[in-house]
Amino acid sequence: MTQLSPDFLTAAKDLLGSAGWSMDSEDLDRVTSPWRGTYKGNTPFLAKPATTEETAALVSLCNRHGVAMTPQGGNTGLVDAGTPHGEICISLQRMTAIRSVDAFNNSLVIEAGAPLVTAQQAADEARRLFPLSLGSEGTATIGGLISTNAGGVAVLRYGMMRDLILGLEVVLPTGEVLNGLSGLRKNNTGYDLKHLFAGAEGTLGIITAATLKLFPKVQRASAWVTCETPDDVVKLLSLVRDHAGDTVTSFEIIPANAIAMVQADVPGTRDPLPSDLPWRVLMEISMSRTAHARDLLEDALAAAYEDGLIRDAILAESVAQAESFWHIRETIPLSKRAYGTALNQDISVPVSRIPDFIEACNAAVLEKYPTAEFVIFGHVGDGNLHYSVCEPAGAEHPVLKGQDEAVFRIIYDQVMAFDGSISAEHGVGRLKRDELERIRPPAATATMRAIKRALDPENLMNPGRVIKT
């Protein structure tokens, strides 16, 4: 635990005011307990700056006193990046303002502590769309989403979070403010610095505001289909894109056992299309007019049926029905708690190699753990799978508990054999830092370390995350 001097504490409290700090045990417990409860941190001090100026002054104070800092957004991360482990916690929860919306420039400026839903609503009020969408959008914050380069269900059409930012305002480890909130789409004046901070997980500075891209509003058509194999799923994606092009917004693979798992966990959940086939796909296309989107999707599915890629399909007849499809998909991560052990990984491989990867990785796990079960779902359109090795709570001879490291090594080795990534959208944090150093090209590690040392020579900004210094 960082020992804070009386001089530092006095100065920090005076700077932040009575509403801007806490040493209350309940507050400290809240910011050191991630929502999934899989690990626990600790911190001596919670700072809650209300402005960029306060944040900059606080960081400058920490720099002078040698106090390490962990920036925190909504505390919804999954890789132990935003949970303090002895550092002071700098929460952006009071910085939630929409600073401006420019519908003609298709952009908005928003502060980093605002939850994703705030950006979505502000865009909607301007008759625009901010397309990032994920299950935790009510709590995940803009700053955290940028810092982890979040993905979500619409990457296929709109890209990752870094693709949705035009500019950033960042407090550097020295306390200087980098003001890059320009809404320009063309600005060829040297290094594009915003991309240093997207995905850096708070190790290079604290994002305090962002200029986000907006898009024209769209109408959606959604379908739920049944498939026999992952190979059919990948071929179906190609066929639908041949028909609908870049209007394909989401393309999710869901195993039948995940649907049964959600039904057991959430009473009243209905399987939209009961089938003995092992795989489902939830797909969505979006266009300016609903009728056009639906017609296009119907044509694509008819062709898929003729080619034998699907057995059955149902198109959502209403927004409510489409939302019921998505409810199943978004409930899968939490419903895995029904298993006694669920070892979860967020990985990606080239889309074309998904079927072979699933077969090879399952076989490699089963070779060592023959009773293991699998819950494999995710974003086929961008190659991102959420791959879980599970064991029922009532297993007669449990073998997976305590085997995290061994199971993850099997998965990681298979991912690398298929030219993939061991972190697709959740980040690195502390949990994957050491494994990445093992498999990352040495030149990449050296470059990242050089950037970290150049911007944060005292290693005070979220130390121990992403990379060892």
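The values are calculated or read from the model by the stated rules, or taken from the named source; none is laboratory data. Here the structure is a predicted model, which is why all the values come from computation and not from measurement. Note: ideal-geometry Cβ built from the backbone for every residue, glycine included; neighbour counts use all protein chains shown. These area figures cover heavy atoms from the full protein model, side chains too; ligands, DNA and RNA do not enter into them. Shrake-Rupley method; radii C 1.70, N 1.55, O 1.52, S 1.80 Å.
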Probe 1.4 Å - accessible area at THR83, Å² to nearest ten: 0 Å²
The chain: angle of helix 290-306 to the longest principal axis, Cα-based, in degrees nearest 10: 50 degrees
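List the trypsin sites (Lys or Arg not before Pro) within the range 217-287 that fall in a DSSP loop (any state other than H, G, I, E or B) and whose Cβ has at most 13 other Cβ atoms within 10 Å. All intermediate terms of the calculation are to be shown ahead of the outcome.
Numbers: sites: LYS217, ARG220, LYS235, ARG241, ARG270, ARG280; in loops: LYS217, ARG270.
Counting only loop positions with at most 13 other Cβ atoms within 10 Å, the trypsin sites (Lys or Arg not before Pro) in the range 217-287 are LYS217, ARG270.
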Pairwise centroid distance, computed over Cα atoms, of the range 239-265 with the range 270-345, Å: 4 Å
0 to 90° range, to nearest 10: angle between helix 442-455 axis and the chain longest Cα axis: 40 degrees
Restricting the range 423-469 to trypsin sites (Lys or Arg not before Pro) in coil, as DSSP defines it, with at most 15 other Cβ within 10 Å: LYS468
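State which entries of LYS235/LYS401; LYS186/LYS468; LYS40/LYS401 exceed 27 angstrom in Cα-Cα distance in the structure shown.
Checking Cα-Cα distances, LYS235/LYS401; LYS186/LYS468 exceed 27 Å.
Between the DSSP loop rule and a limit of at most 11 other Cβ atoms within 10 Å, which GluC sites (Glu not before Pro) in the range 372-435 are left?
On the way: sites: GLU373, GLU396, GLU405, GLU425, GLU435; in loops: GLU396, GLU425.
Here the sparse-neighbourhood loop sites are GLU396.
Could you do me a favour and compute the accessible area per residue for the range 254-350, 1.4 Å probe, result in Å²?
On the way: 4560 Å² over 97 residues.
I get 47 Å² per residue for the range 254-350.
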Distant-in-sequence amide H partners of LEU204 (H built 1.01 Å from N, under 5 Å): none
Between 0 and 90°, nearest 10: helix 319-335 axis offset from the chain longest Cα axis: 70 degrees
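Using a simple charge model, +1 on the beta-carbon of Lys and Arg, -1 on the beta-carbon of Asp and Glu, nothing else, what dipole does the range 389-458 show about its Cα centre, in debye to the nearest 20?
Numbers: 10 positive and 12 negative charges, 73 e Å.
Charge dipole, the range 389-458, about its Cα centre: 360 debye, nearest 20.
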Straight-distance crosslink candidates among aspartates and glutamates, where the alpha carbon sits under 12 Å from LYS432 and sequence neighbours closer than 8 are dropped: ASP80, ASP346, GLU405
Accessible area (Å², 1.4 Å probe, nearest 10) - HIS65: 80 Å²
Residue-wise HN-Hα coupling along the range 228-233, computed from phi with Karplus coefficients 6.51, -1.76, 1.60 (Hz; x: Gly, Pro): 8, 9, x, 4, 4, 4
Phi to ³J(HN,Hα) by Karplus 6.51 cos²θ - 1.76 cosθ + 1.60 over the range 387-392, Hz, x for Gly, Pro: 10, 10, 9, 10, 9, x
Gyration tensor verdict on the range 376-469 (Cα atoms; rounded if a/c is under 1.5, prolate if a/b is larger than b/c, oblate otherwise): prolate
Estimated dipole of the range 72-205 in Debye, rounded to 20 [Cβ of Lys and Arg +1, of Asp and Glu -1, Cα centre]: 400 debye
Sequence-distant residues sharing a close amide H with ILE285 (under 5 Å, placed H): ALA221, THR249
Cβ-based net charge around PRO173, under 10 Å, with every Lys or Arg adding one and every Asp or Glu removing one: -2
Residue order for TRP224, TRP35 - accessible surface, 1.4 angstrom probe, largest first: TRP35, TRP224
Phi to ³J(HN,Hα) by Karplus 6.51 cos²θ - 1.76 cosθ + 1.60 over the range 375-384, Hz, x for Gly, Pro: 10, 10, 8, x, 9, 4, x, 10, x, 9
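Nearest-5 percent of antiparallel DSSP beta bridges in the range 1-142? Don't skip to the end; give the middle numbers.
Values: 7 of 14 bridges.
Counting DSSP beta bridges with both partners in the range 1-142, the antiparallel share is about 50 percent.
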Other-chain or far-sequence residues with amide H under 5 Å of HIS85's (modelled H): ASN42
Whole-percent carbon and sulfur share, accessible surface of the chain, 1.4 Å: 50 percent
FRET E, pair ASN42, SER288, Förster distance 51 Å, beta-carbon r, rounded to 0.05: 0.50
Shape call, the range 89-213: gyration tensor on alpha carbons, a/c limit 1.5: rounded
